[in-house]
Amino acid sequence: MTDTDEALVARVTAGGDRRAFAMLVSRHQGVVRGLLARLTGGAPEADDLAQETFVQAWRRIETYRGQGSFRPWLCQIAYSRFLMGLRREKSRQRLLDAAAREPAELASSPGQPGSRVDLDRALAMLGDDERHCVVLCYAAGLSHSDAASITGLPLGTVKSHVTRGRARLKDWFDRQESAA
């Protein structure tokens, strides 16, 4: 029988059970890496941040209170690491520069409709809050409430960002499809 996340956390906090923590990492690393890859736009940076996320989770596991599921708590750490990385590396400016160059790049290299590159390009066209909310809700599979808790935005604002972001992504992909 597979232990629940809460049972594994209890084993880690009670005696530093590394196997239990490894099971938690194994269970959630795909979501964390996927979330960070969509937020950063790059796998190498996302892998580094995911590793930092799990190191931080190990160090702070006793702060998990068992309210809600373990995944949002872990995604909160990942999102915080992402924001710290933005400040530290000035990635925000790089994303804005990429978004400003986007129309010229699309004309010169259209890519295949539906590719990962297309999704990353489309996400780069969203504003930061919209992109963060869309990625948290769709890439990480979190609820609007969890995304609100993680970002610190009001629930209604998160819902608005997700709705607007989804509409802008659909419009972007519709334009790509009609141009192809």
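The values are calculated or read from the model by the stated rules, or taken from the named source; none is laboratory data. The model shown is predicted, which means the values in this text are computed figures rather than measured ones. We place every Cβ from the backbone using ideal geometry, glycine too, and count neighbours over all the protein chains shown.
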Cβ pairs under 7 Å, 6+ apart or interchain, first in the range 61-77 and more than 14 Å from L36 (Cα to Cα) and in the same structural domain as D17 (by TED's automatic domain parsing), second outside any loop (DSSP other than H, G, I, E, B) and of a type in the set (S, T, Y), ordered by first then second residue, are I61/T13; E62/T13
I want to confirm something. Restricting to the range 139-156 and keeping residues that are free of Cβ contacts under 8 Å to residues at least 24 places away in the same chain and not in a loop (DSSP other than H, G, I, E, B), which single residue is nearest to H28 (Cα to Cα)? A147
Would the range 120-142 turn up any residue that is surrounded by 15 or more Cβ atoms within 10 Å (Cβ to Cβ), at pLDDT below 90, on the phi < 0 side of the Ramachandran plot and among the basic types (K, R)? yes
